[in-house]
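Worksheet for the structure shown next.
The values are calculated or read from the model by the stated rules, or taken from the named source; none is laboratory data. Values in this document were obtained by computation on a predicted structure and should not be read as measured data. Every residue, glycine among them, receives a Cβ derived from its backbone with ideal geometry; neighbour counts consider all protein chains shown. With ligands, DNA and RNA removed, areas are computed over all heavy atoms of the protein, side chains included. Shrake-Rupley method; radii C 1.70, N 1.55, O 1.52, S 1.80 Å.
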Amino acid sequence: MSKLRIFDLQTLTLRNFTLFILTIFYVLPAIAQRNCGTETSILQQIQANPALLQVRQAKEASLREATLRMKQMKALAKTSYSTVTIPVVVHIVLKNPANVTDAQVLSQIATLNEDYIAGNADMSQLPAAWQPLVGNSSLQFCLAQRTPDGNPTDGIDRVTTTKNSFSIDNAAQAVKFASTGGADIWDNTRYLNIWVCDLSGDYLGVATFPGLYPANQEGVAVDYVAFGSTGTATSPYNKGRTAVHEIGHYFTLRHTWGDESACAADDGIDDTPLQGTNTYGCPVFPKKDQCSVDSPGIMFNNYMDYSDDACMLLFTSEQVDRMRVSLDADHASLLTSDGCQPVNLLANDARVLNILSPSAQICENSITPYIVLKNMGLTKLTAVTITYQIDNGDTHAFSWTGSLTALKTDTLYLPDTAPGEGAHILKVYTSQPNGVTDDDVTNDTASVAFQYYADGTFPLTEGFEGSTFPPTAWEIKNYDGLYTWEVTTDAAKSGSKSIVMHNLAYDTNGAVDDLFSPLMNPSGYDSVFLFFDVASASYSGATSTNALWDSLIVLTTSDCGITFDSLYVKGGPDFLTHKQAVTTEYVPTAAEWRRDSVNLTPIIKKGEFRVVFRNVSNAENNIYLDNINLITKATQPYLKEKGYTVGPNPTSNQVFITFLEPPANLQYIALYNTLGQQVAKQPAASINSSNRFIFDLVNEPNGIYFVKLIYRNSVKTIKITKVQ
């Protein structure tokens, strides 16, 4: 369960104290003082998942080292940075998004372009003491000219929301998803995403720090009263410096006071003076504090302080170095993005926009490619040849006819083919739009990877000892692109490897990751059973009263992943093989494994199936699996004929009532002695996963007993004998 976790690290204690002090200012009028949510949000991430503290510390160390190398290289080469232009999309998410005008957005882009090259007109106000330290990042920003799908755009995405405001929790996560009243991110590898909204709690902005947030949340959120230099921008935050500040965080810059009150703490930048705390307002130079007691004092003019917009004037040279290091290390794909390139519609241009299927692993040796065709030309598209091939093999051509005006799409199926067993690449491309040569062949082709494997054979045994993972014909579904099942040598029930879900580091609730077995054909078998070894622990410990736990679910799918049958669901204290709380990465000992089993017999009548091991993470701790076995067993002829068995008969202790399938209309099973006295009773709901009821007669006297199966409209009686 994602929750606040208490730890005794001095640095975080100091930061939490600072955050407590800052809460004093929440009672002040809106936008009375600058408040950035970035560090608050980072602390929330670390408190929910302490493993991220190590991620951040490692990132800080690598940034310091890389920034020093960058500084040395610049000094030796005596060169400046080359200009880089970063595509920006501005998502305006308000009840009335028209309140933030195009002119206001353009004013913000203009401010970014001035401030990030030290070209701002108010640079003349910078005290002489700081002028030699001014850095020019050579970063420029443009409003996107094309959408991720290739349509023309002005880079402004207006979304009407019903929400009054958005919290800065998890870097304003809610504003980044349409499902929670926000706007979905545009491809973070191609665009810097800025969300403009009403932030709650008097926060002006919040940004994601690289490595601490999912890719589909990366970017910057800015309050609409602190965005740009016109319109809704309100003094003293109406010069666009809030976005300048937050984008600095996006490129790994920290606040100049290091978010701590100790003078030993720092922002990781050598050419910014030590500073005890943040600055409010617009101080008179020089401003000194307990960390910089001599002139020129603290650098309150730095964009990464909390001064009013009018007093924010510079990034230092080493801040610039760190941002450029981060650009190369964390956002390198922005360097080659085409987001700033206008869409140039030619006369005749057809494009395969997407291949909808096949994808991933298919269950039959047959595909019917399903694609999206788009007219990227000015001329209405009425005919085009669509060709596809698998693994650069034989080509299959299809002649499409229809009517698509500029930038419109059509979905269509292509002819069937049999790909054969193994991993494949399907390539689909267009030619001859309207019977002429395509004016832009660079966008004609799309491709997708998929796999097909023949049915597995019983018994199936998998201990993950091979050199590849997932093993052949197995498949991983990593739905959110974050943590998922992986092979490990840290622990194993037998051999040297097992598989693990790192739920401790998975800072989220309800995230699902699936491991699919090969396709199995139960035809000709009476029953199928699954066995596997499992080990698990939790951050909270078995005595916790958590409402949410990590859990393991075993499902089967008989229609290639469309629908599922759930046969095993375990989570919480009873699931744990290590009962004590574990606050570091859990690695099981040899004694901390359990052998679990699942009766798959009820689903074999559906035909071919795949077993799915589903991890549901709630940020507790790791789950390990090893030695997965699928075996078959022959059904007793009597059980086949009657549908149930009662035995052994005679018995000396236990009696087993076993059904071929879960009995319909059964209400309960009761056991009586010859005097008609009820000895034991079990409701129908107590049937176990093997379709079995168990009665224990070890403490009952020898003699005759009667097992009664009580159905809704009938009763069946079976006589048994108890002997020593």
(message) Would you confirm, using the coordinates I've provided, whether SER494 is small (Gly, Ala, Ser), within 28 Å of ALA581 (Cβ to Cβ) and crowded, with 20+ Cβ neighbours inside 10 Å?
(response) no
(request) Would you check which residues across region 559-600 are aliphatic (A, V, I, L, M), open to solvent by 70 Å² or more (accessible area, probe 1.4 Å) and over 28 Å from the mean Cα position of the chain (by Cα) and list them? (result) ALA590, ALA591
(request) Name the single residue, out of those in region 258-301 being under 18 Å from GLY135 (Cβ atoms) and of a type in the set (Asp, Glu), that is least open to solvent (accessible area, probe 1.4 Å). (result) ASP267
(message) With the requirement that a residue be more than 29 Å from the chain's Cα centre (by Cα), farther than 30 Å from GLY524 by Cα and open to solvent by 70 Å² or more (accessible area, probe 1.4 Å), what does region 417-472 give you?
(response) GLN432, THR437, ASP439, VAL441, THR442
(message) Within region 155-186, take every residue that is within 21 Å of LEU353 (Cβ to Cβ) and part of a loop (DSSP other than H, G, I, E, B) and give me the one that is most open to solvent (accessible area, probe 1.4 Å).
(response) ASP184
(message) Being closer than 20 Å to GLY228 by Cα and either under 33 Å from the mean Cα position of the chain (by Cα) or at pLDDT below 95 (or both) narrows it down to one residue among SER138, SER165; which is it?
(response) SER165
(message) If the requirement is being open to solvent by 40 Å² or more (accessible area, probe 1.4 Å), modelled with pLDDT under 95 and either assigned to a strand (DSSP E or B) or of a type in the set (A, V, I, L, M, F, W, C) (or both), which of these qualifies: ILE718, ILE694, ILE657?
(response) ILE694
(request) Please work out which residue is most open to solvent (accessible area, probe 1.4 Å), limiting yourself to region 477-491 and to residues that are closer than 30 Å to ASP169 by Cβ and assigned to a loop (DSSP other than H, G, I, E, B). (result) TYR479
(message) Please go through region 637-653 and give me each residue that is assigned to a strand (DSSP E or B) and within 49 Å of the chain's Cα centre (by Cα), ordered by number.
(response) TYR644, THR645
(message) Looking at (1) outside any loop (DSSP other than H, G, I, E, B); (2) open to solvent by 10 Å² or more (accessible area, probe 1.4 Å); (3) closer than 28 Å to LEU274 by Cα, which one does PRO236 not meet, given that it meets all the others?
(response) (1)
(message) So for region 365-377 (the condition being open to solvent by 60 Å² or more (accessible area, probe 1.4 Å), modelled with pLDDT under 95 and within 30 Å of THR472 (Cβ to Cβ)), does at least one residue qualify?
(response) no
(message) Can you confirm whether MET299 is at pLDDT 95 or above, under 25 Å from GLU60 (Cα atoms) and part of a loop (DSSP other than H, G, I, E, B)?
(response) yes
(message) Return the residues of region 668-688 that are in contact (Cβ under 8 Å) with a residue 24 or more places away in the chain and open to solvent by less than 90 Å² (accessible area, probe 1.4 Å); say none if nothing qualifies.
(response) TYR668, ILE669, ALA670, LEU671, TYR672, ASN673, VAL679, ILE687
(message) Please pick out the residue among ARG5, ARG64, ARG15 that is more than 24 Å from ILE194 (Cβ to Cβ), crowded, with 20+ Cβ neighbours inside 10 Å and either modelled with pLDDT under 85 or under 29 Å from the mean Cα position of the chain (by Cα) (or both).
(response) ARG15
(message) Quick check on region 120-135: of everything there that is assigned to a loop (DSSP other than H, G, I, E, B) and in contact (Cβ under 8 Å) with a residue 12 or more places away in the chain, which residue is nearest to the chain's Cα centre (by Cα)?
(response) GLY135
(message) I want to confirm something. Restricting to region 622-650 and keeping residues that are at pLDDT 95 or above and polar (S, T, N, Q), which single residue is farthest from GLY572 (Cα to Cα)?
(response) ASN629
(message) Of the conditions (1) more than 30 Å from ALA535 (Cα to Cα); (2) open to solvent by less than 60 Å² (accessible area, probe 1.4 Å); (3) free of Cβ contacts under 8 Å to residues at least 24 places away in the same chain, ILE710 satisfies every one except a single condition; which number is it?
(response) (3)
(request) For residues that are under 19 Å from PHE469 (Cβ atoms) and of a type in the set (Ser, Thr, Tyr), scanning just region 499-522, find the one that is farthest from the chain's Cα centre (by Cα). (result) SER517
